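Data first, discussion second: the structure below is written as structure tokens.
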């Protein structure tokens, strides 16, 4: 299935009835609150579909019940695998990391700096890692990131002094 979004990694079982603890990749709990189906696998190409229910959301993790996974043994077989869901429509100005990684970075004057190769979550804001002739760490602030155009594959930035 194409276009899946990774939302976490299964790290352990909880209790005796197959409940799973998942390390969360989600910044917002809204994605988890509406989860009805989960796609579980070692990657997004080799997956199994489950009806799912999130039973507890904590900072950095969530508990997950999967239909048909009712024992500790069946849950243990899923440890180390990833949890995927289908992308949902985001509010204006918000993007999934998978949409940002790979975009080309241009300054407002048209100078090509490189390509986004990774993103760091710092807590207060994300930092885009742009690799080109040299590496730039670009804070994801409105006064720095002026435009993101997913269709054109670019991010336009105004570099702060010193970058």
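Order of 98-108, 3-13 by packing, highest average Cβ count within 10 Å first? Working shown, then result.
Values: 98-108: 15.5, 3-13: 17.6.
Top to bottom by mean Cβ count within 10 Å: 3-13, 98-108.
If you line up the Cα atoms of the chain on their principal axes, what length do they span on each, largest first, in Å?
If we take the Cα atoms of the chain, the spans are 59, 30, 28 Å.
Using the Cα gyration tensor of region 92-163, with a ≥ b ≥ c the square roots of its eigenvalues, what is the shape: rounded (a/c below 1.5), prolate (a/b larger than b/c) or oblate (neither)?
On the way: a/c = 1.26, a/b = 1.10, b/c = 1.14.
Since a/c stays below 1.5, the shape of region 92-163 is classed as rounded.
Using only helices, what value at 222 nm comes out for the chain when you add -39,500 (n - 2.57) per DSSP H run of length 4 or more and divide by the total residues, to the nearest 500 deg cm²/dmol?
On the way: 3 runs with 13 residues, N = 163.
Counting only the DSSP helices, I get -1500 deg cm²/dmol.
How far apart, in nanometres, would the label points at residue 43 and residue 134 be if each is projected 7 angstrom from Cα along the Cα-to-Cβ direction?
So the label points at residue 43 and residue 134 sit 3.5 nm apart.
Quick check: residue separation of residue 53 and residue 101 times 0.36 nm, minus the Cα distance between them. What number comes out in nm? Numbers along the way, then the final one.
Details: separation 48, 0.36 × 48 = 17.28 nm, distance 2.93 nm.
Contour length minus Cα-Cα distance gives 14.4 nm.
Bear in mind that the values in this text are calculations on the coordinates, not laboratory data. Values in this document were obtained by computation on a predicted structure and should not be read as measured data. Don't worry about glycine lacking a Cβ; one is built from the backbone with ideal geometry, like all the others, and counts go over all protein chains shown.
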